[in-house]
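Structure, as structure tokens:
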Amino acid sequence: MSPLPLFFLLSLLTLLSSLAAAAATPTVYEVLQQYNFPVGMLPVGITNYELDRSTGKFKVYLEKTCEFFVQDYRLRYKSTISGTISDRKLKNLSGISVKILFLWLNIGEVSREGDDLEFSVGVLSAGFYIDNFVESPQCGCGFDCNGGAGLLKREM
């Protein structure tokens, strides 16, 4: 075989293996679903993520800090979010906070019980129906970008 066709064949194989590797890497939203969380746990615009599947430790990267309202709650996602994920549980969260009165408090844990998501801020918590998180919120307008009714809070 002459060098030109061999070079072309090797180049094609390299390209195909690169494409296959890229296709095999799930998006961060698909990873959330693998751990039984809805995609709406993270806003639109994630640029990259790292996950150690053996420990569940992760880092998620946004282009910039993202803020929006969910009902009466103002949420802030920093450009880097980290924590530990396991089936139906996010813990040791850093980079996600909620404004309560005049204070920004870190959301340290999120757990899923059936069709409910429980967001914990220290000893305080709020529950929401999982159906509210079918779509990812957008920076600036959250889930209410088209003038919808927003999230339904579960009674505690």
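Residue under question is residue 29, and the condition is that it be in a helix (DSSP H, G or I) and aromatic (Phe, Trp, Tyr); does it hold?
On the way: in a helix (DSSP H, G or I): yes; aromatic (Phe, Trp, Tyr): yes.
Taking the combined requirement at face value, the residue satisfies it.
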Tally of residues being at pLDDT 95 or above and on the phi > 0 side of the Ramachandran plot across the range 95-107: 1
Condition check for residue 110: in a strand (DSSP E or B) and modelled with pLDDT under 95: no
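Residues checked against (1) modelled with pLDDT under 95; (2) among the aliphatic types (A, V, I, L, M):
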position: 71; (1), (2): yes, no
position: 77; (1), (2): no, no
position: 93; (1), (2): no, yes
position: 133; (1), (2): yes, no
position: 141; (1), (2): yes, no
position: 148; (1), (2): yes, no
position: 154; (1), (2): yes, no
Any hit, the range 66-86, residues being farther than 18 Å from residue 117 by Cβ, touching a residue at least 60 places away in the same chain (Cβ under 8 Å) and assigned to a loop (DSSP other than H, G, I, E, B): no
Contacts under 6 angstrom Cβ, first residue in the range 104-129 being within 14 Å of residue 84 (Cβ to Cβ) and free of Cβ contacts under 8 Å to residues at least 60 places away in the same chain, partner part of a strand (DSSP E or B) and of a type in the set (Lys, Arg), 6 or more apart: 109/91; 111/89
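The values are calculated or read from the model by the stated rules, or taken from the named source; none is laboratory data. What you are looking at is a predicted structure, and each value in this text was computed from that prediction instead of being measured. Neighbour counts are summed over all protein chains in view; Cβ atoms, including those assigned to glycine, are modelled from backbone coordinates with ideal geometry.
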